[in-house]
Amino acid sequence: MFVLTHHAREPVEMEGGTTFYFVTNGIHAALDRAFDAAGGRDVRLGGGVATIQQYLRAGLIDELHLAIVPVLLGRGERFFDHLDGGPAGYECVELVSTAAAVHVRLARTGTASS
(Lines give C-alpha, C1' and ligand atoms only; values in the text may rest on other atoms or scores of the structure.)
Protein backbone atom coordinates (compact mmCIF):
# COMPACT_ATOMS: atom_id res chain seq x y z
CA MET A 1 0.00 0.00 0.00
CA PHE A 2 1.36 3.39 -0.98
CA VAL A 3 0.00 6.33 1.00
CA LEU A 4 0.28 9.92 -0.23
CA THR A 5 1.36 12.21 2.59
CA HIS A 6 3.14 15.46 3.30
CA HIS A 7 5.00 13.95 6.24
CA ALA A 8 7.81 11.44 5.66
CA ARG A 9 7.79 8.38 7.87
CA GLU A 10 9.14 4.86 7.89
CA PRO A 11 7.08 2.04 6.36
CA VAL A 12 4.61 0.33 8.69
CA GLU A 13 4.21 -3.43 8.42
CA MET A 14 0.88 -4.78 9.57
CA GLU A 15 0.05 -8.22 10.88
CA GLY A 16 -0.74 -10.38 7.85
CA GLY A 17 2.03 -8.95 5.69
CA THR A 18 0.61 -5.70 4.32
CA THR A 19 3.14 -2.88 4.43
CA PHE A 20 2.21 0.79 4.18
CA TYR A 21 4.81 2.91 2.38
CA PHE A 22 4.48 6.67 2.75
CA VAL A 23 5.13 8.68 -0.41
CA THR A 24 5.87 12.39 -0.10
CA ASN A 25 6.80 13.29 -3.68
CA GLY A 26 3.39 13.33 -5.35
CA ILE A 27 0.81 11.30 -7.21
CA HIS A 28 3.08 10.27 -10.09
CA ALA A 29 5.71 8.86 -7.73
CA ALA A 30 3.08 6.94 -5.74
CA LEU A 31 1.55 5.53 -8.92
CA ASP A 32 4.95 4.54 -10.35
CA ARG A 33 5.79 2.68 -7.14
CA ALA A 34 2.40 0.96 -7.15
CA PHE A 35 2.84 -0.15 -10.80
CA ASP A 36 6.31 -1.51 -10.00
CA ALA A 37 4.99 -3.41 -6.99
CA ALA A 38 1.99 -4.75 -8.93
CA GLY A 39 4.18 -6.52 -11.47
CA GLY A 40 1.77 -6.08 -14.36
CA ARG A 41 -1.42 -6.55 -12.35
CA ASP A 42 -4.09 -3.87 -11.92
CA VAL A 43 -3.48 -0.99 -9.53
CA ARG A 44 -6.35 0.42 -7.48
CA LEU A 45 -6.54 3.88 -5.98
CA GLY A 46 -8.33 4.63 -2.79
CA GLY A 47 -8.67 7.89 -1.04
CA GLY A 48 -10.71 10.94 -0.48
CA VAL A 49 -12.20 13.23 -3.06
CA ALA A 50 -9.15 15.52 -3.30
CA THR A 51 -6.80 12.61 -3.95
CA ILE A 52 -8.95 11.00 -6.64
CA GLN A 53 -9.50 14.40 -8.28
CA GLN A 54 -5.72 14.86 -8.58
CA TYR A 55 -5.43 11.57 -10.47
CA LEU A 56 -8.45 12.41 -12.66
CA ARG A 57 -7.06 15.85 -13.56
CA ALA A 58 -3.74 14.22 -14.49
CA GLY A 59 -5.54 11.72 -16.76
CA LEU A 60 -4.22 8.75 -14.79
CA ILE A 61 -7.46 6.86 -14.12
CA ASP A 62 -8.75 4.38 -16.68
CA GLU A 63 -11.78 3.22 -14.73
CA LEU A 64 -13.78 4.38 -11.70
CA HIS A 65 -16.05 2.35 -9.44
CA LEU A 66 -18.28 4.63 -7.42
CA ALA A 67 -20.34 3.20 -4.58
CA ILE A 68 -23.12 5.64 -3.74
CA VAL A 69 -24.80 5.05 -0.38
CA PRO A 70 -27.71 7.23 0.73
CA VAL A 71 -26.34 8.13 4.16
CA LEU A 72 -25.92 11.72 5.25
CA LEU A 73 -22.75 12.06 7.32
CA GLY A 74 -22.35 15.81 7.17
CA ARG A 75 -21.57 18.25 4.40
CA GLY A 76 -19.01 16.11 2.59
CA GLU A 77 -17.24 16.94 -0.65
CA ARG A 78 -18.68 16.97 -4.16
CA PHE A 79 -16.79 14.40 -6.19
CA PHE A 80 -17.06 16.06 -9.60
CA ASP A 81 -16.45 19.66 -8.45
CA HIS A 82 -13.29 21.41 -9.65
CA LEU A 83 -12.71 19.00 -12.54
CA ASP A 84 -13.36 21.36 -15.48
CA GLY A 85 -15.99 19.18 -17.15
CA GLY A 86 -16.68 16.60 -14.45
CA PRO A 87 -16.48 13.08 -15.79
CA ALA A 88 -15.79 14.28 -19.36
CA GLY A 89 -14.04 11.53 -21.30
CA TYR A 90 -15.68 8.75 -19.29
CA GLU A 91 -18.77 6.70 -20.01
CA CYS A 92 -20.98 4.64 -17.74
CA VAL A 93 -20.29 0.99 -18.54
CA GLU A 94 -22.14 -0.58 -15.62
CA LEU A 95 -24.88 0.47 -13.20
CA VAL A 96 -26.04 -1.85 -10.43
CA SER A 97 -28.63 -0.76 -7.91
CA THR A 98 -29.72 -2.38 -4.66
CA ALA A 99 -31.78 -1.09 -1.75
CA ALA A 100 -28.53 -0.28 0.06
CA ALA A 101 -26.35 1.30 -2.64
CA VAL A 102 -25.85 2.17 -6.26
CA HIS A 103 -22.63 1.01 -7.93
CA VAL A 104 -21.52 2.93 -11.00
CA ARG A 105 -18.56 1.90 -13.14
CA LEU A 106 -17.18 4.62 -15.39
CA ALA A 107 -14.46 3.89 -17.95
CA ARG A 108 -12.37 6.26 -19.97
CA THR A 109 -14.01 6.47 -23.37
CA GLY A 110 -12.63 3.69 -25.56
CA THR A 111 -11.06 1.65 -22.72
CA ALA A 112 -14.06 -0.18 -21.23
CA SER A 113 -13.37 -3.79 -20.25
CA SER A 114 -15.93 -6.45 -19.49
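Here is how the numbers come out for the structure above:
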| quantity | calculated |
| --- | --- |
| Exposed-loop-free span, longest in the chain, where GluC sites (Glu not before Pro) count as exposed if DSSP calls them loop and at most 13 other C-beta atoms lie within 10 Å | 16-76 |
| Listed residues Leu106, Leu95, Leu73, Leu60 arranged by accessible area, highest first, probe 1.4 Å | Leu73, Leu95, Leu60, Leu106 |
| The chain, helix-only ellipticity at 222 nm - DSSP H runs n ≥ 4, -39,500 (n - 2.57), divided by all residues, nearest 500 | -5500 deg cm²/dmol |
| At most 13 other Cβ within 10 Å, DSSP loop - chymotrypsin sites (Phe, Trp or Tyr not before Pro), the stretch 42-114 | Phe80 |
| Mean Cα-pair separation over length for the chain, i.e. relative contact order, pairs under 8 Å, 6 or more apart, % | 19 |
| Size of electric dipole in the stretch 5-114: Cβ of Lys, Arg +1 and of Asp, Glu -1, about Cα centre, debye, nearest 20 | 200 |
| Candidates Ala100, Ala30, Ala67, ranked by Gaussian network fluctuation over the chain, Cα under 10 Å, top entry | Ala100 |
| Cα gyration tensor category, rounded, prolate or oblate, for the stretch 52-109 with a/c compared to 1.5 | oblate |
| Residue among Gly48, Gly17, Gly89 with the largest mean-square fluctuation in a Gaussian network model of the chain, springs linking Cα atoms under 10 Å | Gly17 |
| Inter-label distance, nm, simple model (7 Å from Cα along the C-beta direction), Thr18/Ile68 | 2.7 |
| Point-to-point label distance, Ala37-His103, nm (Cα→Cβ direction, 7 Å offset) | 2.4 |
| Highest-MSF residue in the chain out of Gly40, Gly59, Gly26 [GNM, Cα springs under 10 Å] | Gly40 |
| Heavy-atom accessible surface of the stretch 5-51: percent carbon and sulfur, 1.4 Å | 47 |
| In Å², nearest 10: area of Arg108 left accessible to a 1.4 Å probe | 60 |
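The values are calculated or read from the model by the stated rules, or taken from the named source; none is laboratory data. Just so it is clear, the structure is predicted and the values come from calculations on it, not from any experiment. Note that we place each Cβ from the backbone using ideal geometry, even for glycine, and neighbour counts take in every protein chain shown. Ligands, DNA and RNA are stripped out before the accessible areas are found, and what is left, the full protein with its side chains, is counted by its heavy atoms. Shrake-Rupley method; radii C 1.70, N 1.55, O 1.52, S 1.80 Å.
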